[in-house]
Amino acid sequence: MLTVTRRVGESLKIGDYRLILRARTVGGVTLTTIHRGHLSIKEVEFGHPFKLDHEITVYSYPSNRESLSKSMGQAKLSVSAPKHVIILRDETETDFKRSNNQTYFGVVT
């Protein structure tokens, strides 16, 4: 299981899926999912599983490192997936593509 902290607007690529943290509330998060050209928006409560497919499950948790007012713009996402599924953060993918002289437009929310 991999756990990363995402801010509102940041994304995470999990295999063929792209997850974007749209909003964070007191009890959960709003995630945008993009998969093969299909876009969906899901409300996920903290600690409850969100199944992307039969192999990949995402859990969301509040970020407790800072005060509530500062952490409202971010959340922790834990991803449970098999080892063959590649997981990339926005910043990792951007740096990789820039080093290969490729254009990367990022995610616009």
Measure off 7 Å from each Cα along the Cα-to-Cβ vector at His54 and Leu39, then give the distance between these two points in nanometres to one decimal. 3.0
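Counting heavy atoms of the protein chains only and a 1.4 Å probe, report the per residue accessible area for segment 2-96 as a whole number of Å². Don't skip to the end; give the middle numbers.
Working: 5420 Å² over 95 residues.
Heavy-atom accessible area per residue stands at 57 Å².
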Run through segment 11-60 and list the chymotrypsin sites (Phe, Trp or Tyr not before Pro) located in a DSSP loop whose Cβ has at most 16 other Cβ atoms within 10 Å. Phe46
Put one equal scatterer on each alpha carbon of segment 2-96, apply the Debye formula with no solvent term, and list log10 I(q)/I(0) at q = 0.10, 0.14, 0.21, 0.25 1/Å to two decimals. -0.24, -0.47, -1.06, -1.45
Compare the peptides 75-87, 18-30 by average per-residue count of other Cβ atoms within 10 angstrom and give them in order, highest first. 18-30, 75-87
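The values are calculated or read from the model by the stated rules, or taken from the named source; none is laboratory data. Please read all numbers here as calculations on a predicted model, not as lab measurements. Here the Cβ is made from the backbone with ideal geometry for all residues, glycine too, and neighbour counts use every protein chain on show. Surface accessibility is based on the protein's heavy atoms, side chains included, excluding ligands, DNA and RNA. Shrake-Rupley method; radii C 1.70, N 1.55, O 1.52, S 1.80 Å.
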